[in-house]
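In what follows, a structure is listed as structure tokens, so that the remarks can point back to it.
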Amino acid sequence: MSGALIVATGVVKGYRTAAGYVPVLRGLDLEVPAGEMLAITGASGVGKSTLLHVLGTLDPPEAGAITVAGEDVLRLPEARLRAFRNRTMGFVFQFHHLLPEFTALENVAMPLLIGRVSGAQARGDARRLLEELELGHRLHHRPGALSGGEQQRVAVARALACSPRALLADEPTGNLDRETGARLHALLRRLNREKGITVVVVTHNERLASACDRTLRLEAGVLRAAPALAPAAP
């Protein structure tokens, strides 16, 4: 691992509700080295998804600074931020959010087309990614015809389509059975090791978190070192 790819300093984020202001992140600091696989754990509702959205530039903080690959992302105009996000960061969520009317191939090609890659190249790159993730036989199936694990692998392929430097995964195994979830987590680990992609994964699964390089726990709006866990079985 080399220098920090993602740096968050003094990040503050909360929400205004009918009952008043609810603080979520309270001056949070984080550095994620390039090539690291980091797990973020914590109780439900503590703000793990909010943190991932802020790190991924999907939701701006109220205060603080965030740099990604040396770029001060909070200062980028919206158009440049969208382009930067598209080529630098990939996202995988608990619910895959695939477009139901499009095939697996079309879903994976979509970010490339948005990035103005030609249709032929986008389809070729999407095909290669799906084949690499052992979904070559599912190219022309729509999400409704795929299993939960297959849908999540398509979502991973889509997240990788633009060759991002970082992959942010929000409870990617939370909607899967234990065996399928373990296989998906192993896939993320393999991509991290073989391709050098920096991975930040939010998870409730301590067994899976233990397979990451480092685990932090979100508590009271800040990140703390998580208690040592037994290593996950290979």
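Structural remarks
- Whole-Å distance, taken between Cα centres, linking the stretch 2-74 and the stretch 176-215: 20
- Peptide packing: for 152-165, 135-148, the average count of neighbouring Cβ atoms within 10 Å per residue gives the ranking 152-165, 135-148, highest mean first.
- Cα gyration tensor category, rounded, prolate or oblate, for the stretch 34-119 with a/c compared to 1.5: oblate
- Highest-fluctuation residue, GLY124, GLY90, GLY35 considered, GNM on the chain with Cα pairs under 10 Å: GLY124
- Estimated FRET transfer efficiency (SER163, ARG16; beta-carbon r; R0 30 Å; 0.05): 0.20
- Note on the chain: GNM, Cα springs under 10 Å; of ALA122, ALA166, ALA104, the largest mean-square fluctuation is that of ALA122.
- DSSP bridge orientation in the chain - percent antiparallel, rounded to nearest 5: 55
- Model label points for SER118 and PHE102, set 7 angstrom from Cα along the Cα-to-Cβ axis, are 2.0 nm apart.
- Net lengthening on full extension, HIS137/HIS204 (0.36 nm per residue, minus Cα-Cα): 20.9 nm
- Amide H contacts for VAL92 (H built 1.01 Å from N in the peptide plane; partners 5 or more residues away or on another chain; cut-off under 5 Å): LEU168, ALA169, ASP170.
Quick note: the coordinates plus some simple rules give every number you see, no bench work behind them. Given the structure is predicted, the values throughout are model-derived calculations rather than measurements. Cβ sites come from the backbone with ideal geometry, for glycine too, and all protein chains shown count toward neighbours.
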